[in-house]
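Bear in mind these aren't lab numbers, they're just calculated from the coordinates by the rules spelled out. Since the structure is predicted, the reported quantities are computational estimates derived from the model, not experimental observations. Here the Cβ is made from the backbone with ideal geometry for all residues, glycine too, and neighbour counts use every protein chain on show.
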Amino acid sequence: MSKHTNSKQTNQIMEFSPGRDFFELSRKKGVRHWIFSHIFHGTNKIFIFVVFFTTVLASILSSSISVSIGNAVQQFLNADIGSLIYFTITILILGLMTPILRLLNYGLREVLAQRLERDTRKEFYGILLGKSQSFHDKQQIGDLMARATDDVRMLNFLISPAVSLIFESFTSLIIPIIFILLFYPIQLVFEPIIFTILFLFSIRRYNRKLSPVTGDLRMNFGMINATLNEALSGIEVVKGSTQESYELDKYLTFAKKYRDAYVNQGKIQAKYMPILFLGLTITIGLAHSLILFDLGLINIGQIISYIGLLDLLYFSTFISIFVFAIIKLAGSSAKRLLELMNQESEIDENPNGTQKEILGSIKFENVSFNYPGTKNLVLKDITFEVKPGQTVAVVGTTGSGKTTLTKLISRLYDVSEGKILVDGQDIRDYALKSLRAQISYIEQDVFLFSFSVFENINFGRLGTKENVIDAAKQAQAHEFISELPEGYESKIGERGVLLSGGERQRIAIARAFLADPRILILDDSTSAIDSNTEDKIQYAIKNVLRNRTTILITHRLSQIRWADLIIVLKDGKIEAKGDHQELLRTSEEYRKIFIKKFDLDEQELLRGVV
């Protein structure tokens, strides 16, 4: 037992891993490490170098154009036609090279951005698939969808345009200052340097104010999606209960919070000071350059070049309003993604575990269970044994733990105490994929995908068209499938809404038949099937499930009677176990179930009326 309880201490516990995980260590180090590990992953380094080089070169060329324009103006004033033509050609060449470099730059940074989004999307989705059932029990589907789509998308914007423009604005800030130092009197550098210092302090203050607002934006966006998803998923209940107004009000509550967060962001951006500082810098710089001109230290062309270089600072100033907001939003999105990805899952896929064809014996040894995060035991000291090929019926009142018991067999959850053995081996010692591949589970609330009937039956265990049709015939589904507009290729809508409950259950049973499991679990799977169809299905089940271990959760007497073992649960404990006739005689709890169901008295039950 001890070797299993320690499994939760491992660094990364997953039920499924899509392959080599390049980002596992960086996820644990925080948002910055994780983002940088994605940015510098693989051949991205080559793209980053080219983007870095072209950005710097394009900024140098832009500054050179400003200097050349001033020189051209001065040569025009000096009537030096030869030099004027030289500077004009220079401006033309630089003017052509700059957009070409920027085109290359923008294209490569977009490749980087798309790669980051692709890799993050794959990583996040793979980790979601690998999380345990208890993790998914706690999540809101709408919020997960918001994270998997919009939050991941924000990381794309982090690279293009945000980080790329930040670097471009940085070069547009520094290189003009270097040019001023190189080509003009040193006094003229004070204005852009003072502006740069004020700009950096303002940006720092601006970012501090933005952080909580962007966090609210992403959180409320997730809540909007969660509310929308819940309402649309349960639209029948909403309409049946006439709660449309309530759901609309709830949705509008989060929509207003989302709006208010955007308004707060707008207020912060409205108080953005660097644009004012830049206007003052250019004004003071112009005045300063005119004074130097009056002193004979510079000429008219140099004044024009100097103002042109100062004007290049406008790009850094203006673009920072938007890119830092995007960076903060992307940071909040990254935190939301890591928040889920770093949550521990309780069940390990155990890829090095036992992988073999099982016979189907099941043994519960003193099993107790409580759902993660709760203290109340749902199952208490459960002990029983099923031999290969036997059929076991589990009965009991609502809330007695029937469904929970069956979910433990396929390790959707791990036991809290005791152990479950399959073929004499603890199920935690099996490779999870091998174990689950040999167990089929059909629930009362059948889940079908929105694609075709053929794909639904074929899901998880691929077979030919003939195999699928044969499985459908055994499940008594072939007749109604053939009457659909496109037969087996008919689309059945999300969750199979275009089919009746009984039709959905028969497709699920056909899927189980095709899977050919060693252990089959039927959780009240014929509850929506009429008696005539049920008789046909029972006949098919007896044939197909011969020599397979079957666990039935049912109150249908037609199924209970031919079970080899019946287990009666009450309040999470085994109240009694045996066959039908034995339990009618010895178990008061078992008799109560049928007295309530068939409205019979105890004597009628014992005389075999049912």
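With r as the distance between the Cβ atoms of K138 and D571 and R0 = 25 Å, compute the FRET efficiency 1/(1 + (r/R0)^6) and round to 0.05.
For D571 and K138, the calculated efficiency is 0.50.
Quick one: Y106, Y590, Y206, fewest Cβ neighbours within 10 Å first, how do they rank? Provide the component values of the computation, followed by the final result.
On the way: Y106 17, Y590 25, Y206 20.
Fewest-to-most Cβ neighbours within 10 Å comes out as Y106, Y206, Y590.
Can you tell me the 0 to 90 degree angle between the C-alpha axis of helix 300-311 and the longest principal axis of the chain, rounded to 10?
For 300-311 against the chain, the angle is about 10 degrees.
Using Cα atoms only, what is the angle between the long axis of helix 244-270 and the major principal axis of the chain, expressed in degrees (0 to 90) to the nearest 10?
The angle comes out at about 20 degrees.
Suppose every Lys and Arg Cβ carries +1 and every Asp and Glu Cβ carries -1, with no other charges. What dipole size does the stretch 18-341 come out with about its Cα centre, to the nearest 20 debye? Display every interim value, and only then the final one.
On the way: 31 positive and 23 negative charges, 187 e Å.
Using Cβ point charges on Lys, Arg, Asp and Glu, the stretch 18-341 gives about 900 debye.
Taking the Cα-to-Cβ direction at L462 and at D294 and moving 7 Å from each Cα, how far apart do the two end points lie in nm?
Computed distance between label sites L462 and D294 equals 8.4 nm.
At 0.36 nm per residue, minus the direct Cα-Cα distance, what do Q269 and D564 gain on full extension? Give it in nm, one decimal, please.
On the way: separation 295, 0.36 × 295 = 106.20 nm, distance 7.29 nm.
Going from the current span to full extension adds 98.9 nm.
Please arrange F87, F40, F201, F254 by how many other C-beta atoms lie within 10 Å of their C-beta, fewest to most. List each step's numbers first, then the result.
On the way: F87 22, F40 10, F201 13, F254 19.
Placing the least packed residue first, the sequence is F40, F201, F254, F87.
Sorting R436, R205, R147 on the 10 Å Cβ count, fewest up front, what's the list? Could you put the intermediate results ahead of the total?
On the way: R436 20, R205 13, R147 23.
Listed from fewest to most nearby Cβ atoms, that is R205, R436, R147.
Normalising by the residue count of the stretch 18-341, find the relative contact order in percent from Cα pairs under 8 Å and 6+ residues apart. List each step's numbers first, then the result.
Values: 334 pairs, mean separation 98.6, N = 324.
Computed value for the stretch 18-341: 30 percent relative contact order.
What FRET efficiency, computed as 1/(1 + (r/R0)^6) with R0 = 41 Å and r the Cβ-Cβ distance, is obtained for S500 and T383, rounded to the nearest 0.05?
Working: r = 40 Å, r/R0 = 0.97.
So, using R0 = 41 Å, E works out to roughly 0.55.
Distance between Cα centroids, the stretch 333-365 to the stretch 268-299: provide it in whole Å.
If we compute the Cα centre of each part, the gap is 64 Å.
Can you compute the charge dipole magnitude of the chain about its Cα centre, using +1 on each Lys and Arg Cβ and -1 on each Asp and Glu Cβ, nothing else charged? Give it in debye, rounded to the nearest 20. Intermediate results must be reported in sequence, preceding the final value.
Numbers: 69 positive and 65 negative charges, 242 e Å.
It works out to roughly 1160 debye.
Under 18 Å from a point placed 7 Å out from the Cα of I193 along the Cα-to-Cβ direction: which residues of the stretch 165-184 have their backbone N that close?
Only 173-184 pass the distance filter.
Have a look at the DSSP beta bridges in the chain and tell me what percent are antiparallel, nearest 5.
Numbers: 18 of 37 bridges.
If I count the DSSP bridges inside the chain, around 50 percent turn out antiparallel.
So what is the relative contact order of the chain, in percent, for Cα pairs below 8 Å that sit 6 or more residues apart? If you can, show how the numbers build up before the last one.
Values: 888 pairs, mean separation 91.2, N = 610.
So the answer I get is 15 percent.
Could you order the peptides 500-509, 256-265 from most to least packed, using the average number of other C-beta atoms within 10 Å per residue? If you can, show how the numbers build up before the last one.
Working: 500-509: 22.8, 256-265: 15.4.
For the peptides 500-509, 256-265, the packing ranking is 500-509, 256-265.
If packing is taken as the average count of other Cβ atoms within 10 Å, what order do 307-318, 131-142 fall into, highest mean first? It would help to have the intermediate numbers written out before the result.
Values: 307-318: 19.9, 131-142: 16.1.
Put in order of decreasing packing, that is 307-318, 131-142.
Please give the helix 190-233 orientation as an angle from the longest Cα principal axis of the chain, in degrees from 0 to 90, rounded to the nearest 10.
Approximately 20 degrees, to the nearest 10.
What FRET efficiency, computed as 1/(1 + (r/R0)^6) with R0 = 51 Å and r the Cβ-Cβ distance, is obtained for E582 and F16, rounded to the nearest 0.05? Each step should come with its number before you reach the end.
Values: r = 43 Å, r/R0 = 0.84.
Taking R0 as 51 Å, the efficiency between E582 and F16 is 0.75.
Rounded to the nearest 500, what is the chain's calculated 222 nm mean residue ellipticity when only DSSP H runs of at least 4 contribute -39500 (n - 2.57) each, over all residues? Write out the running numbers ahead of the final one.
Working: 26 runs with 369 residues, N = 610.
So the calculated ellipticity at 222 nm is -19500 deg cm²/dmol.
For the charge dipole of the stretch 18-341, defined by +1 on Lys and Arg C-beta atoms and -1 on Asp and Glu C-beta atoms about the Cα centroid, which residue among N78, F22, Q139 has the Cα displaced farthest towards the positive pole?
Among N78, F22, Q139, the one farthest towards the positive end of the dipole of the stretch 18-341 is Q139.
What is the magnitude of the charge dipole of the stretch 446-516 about its Cα centre, with +1 placed on the Cβ of each Lys and Arg, -1 on the Cβ of each Asp and Glu, and no other charges, expressed in debye to the nearest 20?
Numbers: 8 positive and 10 negative charges, 46 e Å.
Approximately 220 debye in magnitude.
For semi-axes √(5λ) of the Cα gyration tensor in Å, which listed value, (i) 65, 30, 20; (ii) 71, 24, 23; (iii) 48, 30, 22, comes from the coordinates shown?
Correct label is (ii).
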